[in-house]
Structures are given as C-alpha cells and as structure tokens.
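Some notes on the structure that comes next.
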Amino acid sequence: MASRKKCLVLGFLAFLWAELGIKGKEETEEQTCRLLGKFDLNGYVDAKNHSLVIGGLFDIHSRTIPANESVLEPVSAKCEGFNFRGFRWMKTMIHTIKEINERKDILPNITLGYQIFDTCFTISKSVEAALVLLTGQEENKPNFRNGTGAFLAGVVGAGGSSLSIAASRILGLYYLPQVGYASTCSVLSDKYQFPSYLRTVASDKVQSEAMVRLIQHFGWVWIGTIAADDDYGKYGVKIFKEKIESVNLCIAFSEIIPKVYSYEKMRRAIDAVKNSTARVVVLYASDIDLSPFVLEIVFHNITDRTWIASEAWITSALIAKPEYFPYFGGSIGFAIPRADIPGLKEFLYDVHPSKDPNDVLTIEFWQTAFNCTWPNSSVPYHVDHRVNMTGKDDRLHAMSDKFCTGEEKLEDLKNTYLDVSQLRITNNVKQAVYFMAYALDHLSRCEEGRGPYVFGNTCAYIPDFEPWQLMYYLKNIKFTTHNGMTIETDENGDVSRGYYDILNWQLDDNGEVAFVKIGEYTFTDSKFELVMRKNATIFWNTESSEVPYSVCADVCRPGTRKGIRQGEPACCFYCIPCADGHVSREPGQRECEQCGEDYWSNAQKNKCVLKEVEFLAYDEALGFTLVLLSIFGALVVLAVTVVYVLYRHTPLVNANDRELSFLIQVSLVITLLSSVLFIGKPYDWSCRARQVTLAMGFSLCLSCILGKTISLFLAYRISRSKTRLISIRPLYQKIIVLISVLVEIGICTAYLVLEPPSAFKNMESQNTKIILECTEGSIEFLCSMFGIDIFLASLCFLTTFVARQLPDNYYEGKCITFGMLVFFIIWISFVPAYLSTKGKFKVAVEIFAILASSYGLLGCIFAPKCFIILLRPERNTHELVGGRVLTIDKSIQPTLASVSSELNNTMASTVEDD
Ligand code: TRP
C-alpha cells in the first residue's frame, strides 16, 4: 500500500515536472498551458499587501487517506486524523508573524505574509507543499520563488524529520532558506545534503547522548529500543545504539513500529517488549506514530516497563492520558525547554468556523473538538480509514448526527490545542519565525558599500533578493527571545547551546498525568551535563516502586568471572567459578587473577591465602610417635650395652668380640637417632646431616657385622678344607671396619662439599600446599653412599649364607642371615612405598624403614644373646660358649664368639708353630 501510494505520488510529480519542462518549448507554439491535475492541499494564506511571504509546513492532520486502488491516474491524497497539536503550532506561526508585523523594531517598513500548508504528517504532502511554495499552482510560468504573487523569503517547517528532509531536498536545490522547529533528525545537520536547512531545535545526536547518560545514571545495562519507521526513529536509535555500545552497555532488542498497520510487524515489536528481560525501553517516535503501539501495549497488558521517551512524545496529550498511566506512568524523557508566550492563549481562543466558511481546517477543528457536524459543511467529521488494531478492517465513516450550533464554548473544552501549559515545540515555532524575521531585518538594514557580499561589498534589497543572500544572514544570526534565551546556530544550522528538561510522568491530585521535572541536561558545543534534581521524587512504574533493575545477567559475585554466551551481547554472560589458584576480588570481574607463588585461592575463590606449609613436625602425632620410637630404640640399645658391660666377664660377652659388639651398638644408636633429624622443619644443615649420619651409621653397623661374618666364613672354609688354617685377627676385623668407614667418610665429604642436599620448597607436587622437603643434591653421590651400605649388607649376607652350612650349626650365623634378610626386605619394600607417597608421609615412610631396619638388626643380633645372658645364665659357660663341641642340647647353639675365640686360640698356636 505504502509503496503504491509512493508510486502514485511520484508519478504525479513526474507528470507535473514534465508539464513544466515542456511548457518552455510549447509556449511559443501554443501560448497556453494547463495542468492536468492539482495538488489537494489545505492551509492558510495571507499574501496580499505583503511584499514578502514566509512559507510554513505543519502537520495539521496525522495521515493521508489511502487512495482508491481502482483509480489509476495519480490523485493527490486527502487527509484525516485532525491533529490539535499541529493546529496549535500552525496558529502560533500566524500569531508570531502578526506580532512581528506589529513590532516597530523588526522590519519596520515591511510586513510579512504567510503561506502555510498542511503536510498531513506524510512525505508526499510535504513534497507537494514544497513544490507549491516554489511554483504556485495557478501560475502558467514557473517562478521558483513566487507562489502567491509575493516573494517567498523562506520556509518554516516541517514537523517530522522525514517531511523536512523531503521538503529540503527540493528547497535546497534553490538554496531557499528553511528553518525547522521540530525536526531533530541528525542527518539534517549534513550541509552537503541540506545546504539551506537550519533549525531552532537540537539534533538527536544530543538527545541520544543524553539518554545514554541518563541510563548510566540509573545503572541500567540492558536496554530495548523501539523506533518509528521514519528518519527520526531510525537515525535516533542508530545514534543511541552507537553511543550505548561505546560505553559497554547492551541493546536487548531493537524493533520498529510500522507506519501503516501491519499485524506481523506490530506483533514482532510487542513480542520483543513482552519477552525480553529488559525493563527499560527507549522509544524514539512521534506521538502520532506511537499511538497504535500504545494501544497494543494496553491491549497486551504490558506493565512494569520504564519507557525512556524522546522529545516528540514526552509531553504529548495523545499519549499522556490517565488511562494509559498504568502502562506508561513513570516514563522518563527529554523535553524541549518550556516557555510562556504572551498573548498566544487569547489568539488560540479566537477561532470560530463562522468567521470564514471556506476555512475548512477551522470547521474540521470545531467538528472534531465538539463532536458535532457544522451545518452545510462538506468536511467529514472524524474519519478513520485505518485498519484497526485487532486487524479487522472495519473502517469508520462516522459523521456525527448532532449539528454544531456555533455556541459551543472553547473554555469548556479540555483540548491540547488550548493547553498552553506545555509550550515547548510551540515556542520553537515562534523562534523559527523570529529567526527568519531577524535575518530579513538584518538584510534590510544593510548599508550600501558595507554589505557582506564580495565584489564591492554590495547589499541585497527586499523584496528582490536571492535566496542565498538571505542564507548569509541566517547563518550568522544571534538573537534573544522574549523570555531571555539566546538563539544561535552552529555551522551545521543546529542550535549550539541549550538544555532539555528531564520529565517524569506522575499522576497529579486530579488524576491527570503530570510532567514533573526531575533534572536537566545542558549542552553547549563542547560540554554536556546531566543534573538530576536532588530532592525530586521519581515515580517508578515497578512492583516495588523502586528504580527498575534492567540487566541481562546479574553481576558475577567475587570468586567468579564472566563467561561468554555464544552469540549474545556482552551484557549477557555466565558466571564461571575461578579455577583453583585463581581469584576475583571485585564483583563483575572479566578475568580471575592468578595468586602469587606462595599463595593459593580460598574456598570462595575471592581471596589469595598463604599456602599451607607441610613438613613432618615434632608436635604432630605421627612425628611424635616416630621420635618416641627412635628414642625408645636407642634406650633399648643402651640397655643392651649396660647388660654387656655388666656381664663383660661372662664367656658369652667376653669371648664374643666385645669391641665390635659395642661398635654395632653405637652405630645402631646413631641410625636410630638419625631418624630424629628427618623430623621437624627441614633446613640446609638438617638435610645434610640426616643423609650423612644415616649412611655413616649403617656403614659402621654393617662393616662391623661384616667383620664378624668374615671370621665365620673363614671358619667354614677351614672346616671344609681341613687344610691349613686361614685365620683372621681381631685387628684385621677392625681394619675392615676402618676401611669401610673411611671410604664412606670420603664419599660423604665429597657429597657434602661438591653437591650437598638442601632444603627446598616444593610448590609443584601439591597446589594448595608448599611442601618443605630436602633435595638430594647429587644423586650419584647419594647412590654411592648408600651403595656402600648395600654392598656391605650383601657381603654380610653372602658370607653368612655360605657359612650357614657349618657343621657346628653356627647359631650366630643364622641370626645374622636372618637380620640381613629383614634388612633387605624392609629396604626393598621401602622403594615403592617411598615413591608412591607425597609430602610429609614420604619422610615418615623413610623413618619407618630406618627404625624398622634398626630394630630388625637389634632384634636379630642382640636379642638371643641377651636372652641367654639374662635368662639362661647356666648356658653362659665357657664350655658351652667355647670349644667346638657338638651340640648336646640342640637348643644351645655355639655362637660366633665361640668360633672366633676358638680361632684365636688356634691361630695363636699356629703362629707359635710357625
Ligand atoms: N522530532 C520529531 C522528528 O524529528 C518531530 C516531532 C517533534 C514531532 N515533536 C513532535 C512530530 C510531535 C509529531 C509530533 O521527526
């Protein structure tokens, strides 16, 4: 429908232009030329007796009636939907021109006329009006400045941006000055496209920026937008979106209200509002376009939304009705500054259809306002050709059957036309007219030779001047209005400084919607400031009556971070808990930070805490038990020593290589007590001491045992060969001990000097803890150190194992074999146990192995002897201990001592023999 209408209009225009174009050629041939059709325009003209006229474009109707589709030739559409607000604006222009004409200080010798057209809030009518302003339909000759017979100085208007744009594309071709009073669309600032357009209203660039500031002020981040399907809505929302995204806020949805009712399009917009979690919606639309949307919102009962209003509907009586308050109450919006216009009220009341029977607009005003039909009028009353909301096509052709009497009282009327409490755009109209008047005034005051134009500083003269000559003055104008405001435009023709009132819809005591000022947004070329009134109470249309909360996802708590939701705006996110060792301290963090080396995250992941330090301490149960065990072991060894000292004269002790036994006891004390060095906080010295003492202890112990077993082995060889006795003196036994100990000392010293073990903070093996442990230093040295011990132990085992077959059934040999087996088993099982544990238990495993092997040796070597010494003293005789006696009693075993003492004797004799 819309496109068809557009085609018709364009066709009509083409036809008109063609007519005009041909005219020039035909003139000579035919001399007469006739227009085939005429534009159907309404308006007011007062051009007679005036040398200059100012054109005016106002939206006195809201829409055109869709053309009958069966008619193919282009017809100029008719209008419907009387717009009281536009009617007031138009009246204001007439009033202002009258005022100027009466003033002596502006244009003293010249009076202004006007030619005003109704644009019906449609582009096509706006273009028609622009053309008529330029040409005049009664004229044969196109004279692009003269439609009424008087010179056209410039045009005031139009209302909606799209209309101004359309008109300006034509007027701009001639550089004809055009001063807008309401069109705020940002593209109109573009002087390449609209070179002769100026306005007394700020661009939507300022308003969109102001909206973003307001949204930031209340902390909303998730905003929906609804735009009218025209330049105003679309460009307004476009700039708003750009600005909102630049401050990292997000658009929840962005929908368009159709100009011509379409169920699907309207449904889409309504569904978006209904289904979105955004509680705050920016609505960029003129009140005329907005009304069907408002009805839908009421129809779908959508409450609990806060609407951010653009200047076009914030104070509109069309929307601010008490019945819409449950849905639109609490709306916040920006309004153009309000002003009082002296004398306007009286002028507005001075309207009556009887004054001029041809004044169809006034008749329609009267009919619509009083819901009656003016006698003999052909003006339809309240015609509505729109498809209605529910989608049904029940078109209204209502003519009220009540006749107007003419006695109706305007005073009784509650109508936006007569409401002079919110004169905002109305005041802009007045300023626009003054703008034009002041420019003309300046032009008229030009002094010859001091004029602004190049080539001789010439002047222009009223009425015969070129449009661009007036443009020069318009561009440089600065004037003060009746209420003290200074009006000045920047290089783009926009007002360069001013303010918006920030209004909030509240319900007053009479149940009417009141626009309460809650703040102000002031702007100059370089500065913008949002000032909210401190003591202003804002009405919020929310369940809680508190500031609405409009977010896509709640701010992430400390301890979590934002996680992207694929394909959704940045304001929508998941909250993902920080990984171990990472924290987020502030709410809403994008990333978690890693804790420092010595720190780890707490359970809530909102703080880094010092890592727990782990080592086997004395004061914990495990460490304490191990210390007790090792001291107990040492005491047991001491007890054995005491027994040995007390019974040193008994054959068993005496005969039994006392020194070596004592050495073994000493070494066992060393190994047992060395385990204490493994407990407690590791330091460099304790790390070094523990390994070395342990290795030394074992090497001393094992070498002494080896000393003993070597004698056994030799005795066995003697018993086997029956040849010459190979003997070993006790001194040699000690030399073996000495050599092994010296070798061990050598390795230990090299180890300690070259690559000693050291204390070390192990951060890797467990995340939450720092394990204090010892490093091995050089593995090679460590292995060789304990390698010697293993070597000695293997030798002990081998020698006693071979000698176990001694015919005399050497008891001690078996004990040592057994002791060595225990030793091996413990240390072999130690390896996997050690490797599979971590932290302090690793150390504990090692201590267990040390204690167990020490206890094992203690038990295997000394326990049987002590048993005999203390409990079976009758067996502790020289005979039993001494000679190579075959056992009488199986239970009494000859000991290693007996063998060696016997050997000593033999050897002594052998030596004597030699
Ligand atoms: N600012 C609107 C635009 O640029 C025009 C406008 C302002 C308007 N207030 C209005 C239109 C009220 C209709 C009704 O399009």
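Shown in residue order for the stretch 423-429 are the 3J(HN,Hα) couplings computed by the Karplus curve 6.51 cos²θ - 1.76 cosθ + 1.60 at θ = phi - 60°: 7, 10, 5, 3, 5, 5, 4 Hz (x for Gly and Pro). The aspartates and glutamates within cross-link reach of Lys842, meaning a Cα-to-Cα straight distance under 12 Å and a gap of 8 or more places when in the same chain, are Glu614, Glu773. Amide H to amide H, with H built 1.01 Å from N, Gly154 comes under 5 Å of Gly55, counting only residues 5 or more places away or on other chains. Full extension of the chain segment joining Phe841 with Glu512 gains 110.3 nm, where the gain is 0.36 nm per residue of separation less the Cα-Cα distance. Once backbone amide H atoms are built at 1.01 Å from N, Arg561 has Ile576, Cys578 as its partners under 5 Å, excluding neighbours fewer than 5 places away on the same chain. Charge tally around Trp540: other residues with Cβ under 14 Å, Lys/Arg +1 each, Asp/Glu -1 each, net -1. Here the label points at Asp350 and Lys761, each 7 Å from Cα along the C-beta direction, are separated by 9.3 nm in the simple model.
Which order do you get for Arg445, Arg688 if you rank them by accessible area with a 1.4 Å probe, largest at the top?
Details: Arg445 120, Arg688 80 Å².
From most exposed to least exposed: Arg445, Arg688.
Computed from the Cβ-Cβ distance with R0 of 22 Å, the FRET efficiency linking Phe867 to Thr625 stands at 0.20. Among 291-303, 179-191, sorting by the average number of other beta carbon atoms lying within 10 angstrom of each residue, highest first, gives 179-191, 291-303.
Using the average count of surrounding beta-carbon atoms within 10 Å as a protection proxy, the listed peptides 779-788, 693-702 rank, highest first, as 693-702, 779-788. Taking a straight line from the alpha carbon of Lys259, these lysines sit under 20 Å away, with near neighbours fewer than eight places off in the same chain left out: Lys5, Lys6, Lys78, Lys125, Lys234, Lys238, Lys392. Taking amide H positions as modeled 1.01 Å from N, with prolines and chain starts lacking one, the residues under 5 Å from Gly777 and 5 or more places away or on another chain are Ser758.
Charge tally for Arg585 (other residues, Cβ to Cβ under 9 Å; Lys, Arg +1; Asp, Glu -1): -1.
The distance between label points at Phe824 and Glu568 comes to 6.9 nm (points 7 Å beyond Cα on the Cα→Cβ vector). With K and R counted +1 and D and E -1, the other residues having a Cβ less than 15 Å from that of Ser703 yield a net charge of -2.
Of the residues Thr416, Ala437, Gly451, the one whose Cα sits farthest towards the positive end of the charge dipole of the stretch 411-454 is Gly451 (charges of +1 on Lys and Arg Cβ, -1 on Asp and Glu Cβ, taken about the Cα centre).
Taking a straight Cα-Cα cut-off under 29 Å and skipping sequence neighbours fewer than 8 places away in the same chain, the lysines within cross-link reach of Lys840 are Lys605, Lys607, Lys611, Lys681, Lys761, Lys769.
The values are calculated or read from the model by the stated rules, or taken from the named source; none is laboratory data. Note that the coordinates shown come from a computational prediction; the quantities given were computed from them, not determined experimentally. Cβ atoms come from the backbone with ideal geometry, glycine included; neighbour counts cover every protein chain shown. In case anyone asks, the SASA skips ligands and DNA or RNA and just uses the protein heavy atoms, side chains included. Shrake-Rupley method; radii C 1.70, N 1.55, O 1.52, S 1.80 Å.
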